[in-house]
Amino acid sequence: MQSTSTPSAAPGRRDLLAGLGLAAAAPLLLGSTARSASPQDPSGRPAPNGGAVLLRGASLVLTMDRAAGSGGPLGALENADVLMRSGAVAAVGPSLPRPPGTRVVEAAGKVVMPGFVDTHTHLWQAAIRGGCTDRDLFGWFAGCTHPQRGRLTPEAVHSLVRLAALDAVQSGVTTLVDWVDIFAFDLVESYLRALAGTGVRFTYAMYPPRPDGVLVAKVKKELVDPVPLGSFQVATHAARSVQDLNRAHWELARDLGVMLNSHVLERPEQRADDPVGVLADIGALGPRLLINHAVHLTDAEIARLAEHDVRAAHCPLSNMRLASGIMRLSECARRGVKVGLGLDGGTNDSSDFYALMKTAVGLQRVRATDAGVFPQVADVLRMATLGGAEALGIADRVGSLTPGKRADVVVVDPAALNFAPRFDWVGQLVFNGRPENVDAVFVDGRALKLDGRLVGIDTDRVVRDAEAAAARLRRS
């Protein structure tokens, strides 16, 4: 769910790209950001990043690697260990040897799997969780996003982004893509400092509403590139009325070597914008294009996206809340479109990826009145992990527990009232799971959550700070 902006005069390529060289030589402004990914947790204790961690004796490991185990695309292994070393998955299998100095985390009776990949969110919208509950997309813009975004301060941004990102982490999200339409440099700096400080792997998708290549390059080179777990995209909102701006965004993305990220056909009224046609006309159709929502695609558009290997983010909870419609997910899958799942920020109201998976399954069954329609349980688990990584073009690094990939790992404890008794743990992950079942989260081998608690985080203070920030915004 994007926020709209009034477009300014169409930029030229020279205007948008001016300053790329200057920004490359600018000094680093976020010295503490780069340090946020160091192998120390916030409490000062050594964290398992660079050292070795052995998750021992998991009842079930879902590797998402067909070559690693049974169970088809889930690559399932029973009674197995996962060894993480130097931030990567070193080995997966039964009774792995414990290298000297390795920290052991007991996983008996638990499920180990890759972390969730959230392909589309807006973290700052934590300020308006639960707001405008009787509005559609356009009512949400008018009543919630536009008023609050205009009142943001660096302090409020930091508190709200930290709250939302930590909520995502504690829910099992290890990678997220944040589509951000906030433009003042001091706000962006505060935003990225908060985001990097949580330890989550992230992509900052920046929407420039006017020809300001200097700002975009400055943000990427000074605030994102120095963060080991950070990456960058150029965001846009494809429409005929701003086609020149869309073209400039695409040219900027190409020059920076990053993906273009666009909202597409979230509501039927946006059909008049012809976003797929615009993206085709500017030459953006291809694997370096990520489209969000894509609810109201025609058969011809789905075929065109598949032909060019365009990637998509499916946001079923947000689309349902805003009465936007149901994505034609089964048709996209049949054509081979790579689709990941997205929480979509404030219009999801929480960071519950289990609810997201369950809804993605349920809405397609409602739409088709067929329980056998795509996605099935294995399909949606894959979409939530490796499928999301594929959509972002990072499946060579994350999304499965394949030795050599980065150690983004979640441990789920099914010994809970909402999960027990054991029947089919794979199915129960989707239909029974909740964030409170997440016992541990590792990103790049570093423990961000252990024994059901965020490591080194005063959650009461995080909540208090966010409450105070939201209250100040509403008073201003």
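Taking (1) touching a Phe, Trp or Tyr at 6+ places or on another chain (Cβ under 9 Å); (2) not in a strand (DSSP E or B) in turn, G427 satisfies each apart from (1). With respect to the conditions (1) open to solvent by 40 Å² or more (accessible area, probe 1.4 Å); (2) out of contact with any Pro (no Cβ under 9 Å at 6 or more places or on another chain); (3) under 29 Å from S86 (Cα atoms), R382 falls short on a single one, namely (2). Search the range 97-120 for residues that are open to solvent by less than 70 Å² (accessible area, probe 1.4 Å) and pair each with any residue that is part of a loop (DSSP other than H, G, I, E, B) and among the polar types (S, T, N, Q) when their beta-carbon atoms are under 6 Å apart and the residues are at least 6 apart or on different chains. Sorted first by the residue in the range 97-120, then by its partner, the pairs are P114/S400. Just one of the numbered conditions (1) among the aliphatic types (A, V, I, L, M); (2) touching a residue at least 40 places away in the same chain (Cβ under 8 Å); (3) part of a helix (DSSP H, G or I) is not true of V161: (2).
Residues of the range 61-78 that are surrounded by 13 or more Cβ atoms within 10 Å (Cβ to Cβ), in contact (Cβ under 8 Å) with a residue 12 or more places away in the chain and touching a helix residue (DSSP H, G or I) at 6+ places or on another chain (Cβ under 9 Å): L62, T63, M64, D65, G71, P73, L74, A76. For the range 357-399, the set of residues classified as in a helix (DSSP H, G or I) and either aromatic (F, W, Y) or modelled with pLDDT under 95 (or both) is empty. Looking only at residues of the range 322-347 that are open to solvent by 10 Å² or more (accessible area, probe 1.4 Å) and in contact (Cβ under 8 Å) with a residue 60 or more places away in the chain, we find that the one that is nearest to A168 (Cα to Cα) is G345.
Selection of first residues in the range 240-251 that are hydroxyl-bearing (S, T, Y) and of second residues that are assigned to a helix (DSSP H, G or I), restricted to Cβ pairs under 8 Å at least 6 apart or on distinct chains, gives the following pairs, ordered by first then second residue: S241/D273.
When D424, D408, D465 are checked against the criterion of being in contact with a helix residue (DSSP H, G or I) (Cβ under 7 Å, 6 or more places away or on another chain) and modelled with pLDDT of 95 or more, a single residue qualifies: D465. On inspection, V216 passes the criterion of being open to solvent by less than 10 Å² (accessible area, probe 1.4 Å) and more than 24 Å from T385 (Cβ to Cβ). For the range 150-157, state whether one or more residues are open to solvent by 20 Å² or more (accessible area, probe 1.4 Å) and assigned to a helix (DSSP H, G or I). Checking the range 150-157: at least one residue is open to solvent by 20 Å² or more (accessible area, probe 1.4 Å) and assigned to a helix (DSSP H, G or I). Remark: G433 matches the filter, which requires a residue to be modelled with pLDDT of 95 or more and in a loop (DSSP other than H, G, I, E, B).
Only one of these is modelled with pLDDT of 95 or more, open to solvent by less than 10 Å² (accessible area, probe 1.4 Å) and touching a strand residue (DSSP E or B) at 6+ places or on another chain (Cβ under 9 Å): L160, L176. Name it. After applying the criteria, what remains is L176. Residues in the range 241-263 that are more than 16 Å from L392 (Cβ to Cβ) and among the polar types (S, T, N, Q) were compared, and the one that is least open to solvent (accessible area, probe 1.4 Å) is N246. Of all residue pairs spaced 6 or more apart or on separate chains, those with beta-carbon atoms under 7 Å, a first member in the range 404-420 that is in contact (Cβ under 8 Å) with a residue 12 or more places away in the chain and under 12 Å from N432 (Cα atoms) and a second member that is surrounded by fewer than 19 Cβ atoms within 10 Å (Cβ to Cβ) and of a type in the set (A, V, I, L, M) are P414/A420. Annotation note: of P268, P275, P226, the sole residue that is at negative phi and buried (at least 20 other Cβ atoms within 10 Å of the Cβ) is P275.
The values are calculated or read from the model by the stated rules, or taken from the named source; none is laboratory data. If you're wondering where the values come from, they're calculated on a predicted model, not measured in any experiment. Note that we place each Cβ from the backbone using ideal geometry, even for glycine, and neighbour counts take in every protein chain shown. When the accessible area is computed, the model is the full protein with side chains, heavy atoms only, and any ligands, DNA or RNA have been set aside. Shrake-Rupley method; radii C 1.70, N 1.55, O 1.52, S 1.80 Å.
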